[in-house]
Amino acid sequence: MDTAGSLPTPWDAVGERLRRRGLRWTPQRSTVIEVLAESNGHITAAELVERCRARDPSTIPSTVYRTLDVLEELGLLRHGHGADGREEFHVLPGSEHGHLHCSECGATWEIGEAQATGVAAALRSGDGFEIDIGHVTLVGRCRECAERA
Ligand SMILES: [Zn+2]
Ligand SMILES: [Zn+2]
Ligand SMILES: [Zn+2]
């Protein structure tokens, strides 16, 4: 059986789900979903607006932001913050991970679930604090920069 092209995706029926949250299903919103469905990893709201505008010049940023809020409520996105505090959206958030940023060379990278939950476990066993590690970016010095210092 060839199901290529018709495999269910988390974006199926998103129009209906948005409608139930009180958002009208408009061509603009459908463009937002199209762009997100083609995105992997992280995207900022500004990048999303830019990509939507490339397809539909009438895209209004406030519509994109409102749609992002509701998609996050639906669990299709999850926001975190870059080193500068700027919101970044994880598209279809999967396993837990952490974000690191080197303030000397400006590199950013991710740590996987094992390391991320290790950091969280250390904090929890210390003073019971439960960090939402995917929400933040840890700022410090990468190994190369630390060795150079
Ligand atoms: Zn936040
Ligand atoms: Zn991330
Ligand atoms: Zn560095």
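Points worth noting:
- Subset of the range 72-89 (residues that are touching a helix residue (DSSP H, G or I) at 6+ places or on another chain (Cβ under 7 Å) and within 16 Å of ligand 1 (Cβ to nearest atom)): Leu77, Arg78, His79, Gly80, His81, Glu87, Phe89
- Unique residue being without any contact (Cβ under 8 Å) to a residue 60 or more places away in the chain and within 16 Å of ligand 1 (Cβ to nearest atom) when the list is Ala37, Ala45: Ala45
- Pairs where the first residue, in the range 92-103, is among the polar types (S, T, N, Q) and the second is more than 16 Å from ligand 1 (Cβ to nearest atom) and modelled with pLDDT under 90, C-beta under 8 Å, 6+ apart: none
The values are calculated or read from the model by the stated rules, or taken from the named source; none is laboratory data. As the structure is a prediction and not an experimental result, all values here were calculated from the model. Because the Cβ atoms are built from the backbone with ideal geometry, glycine has one as well, and the counts that use them run over all protein chains shown.
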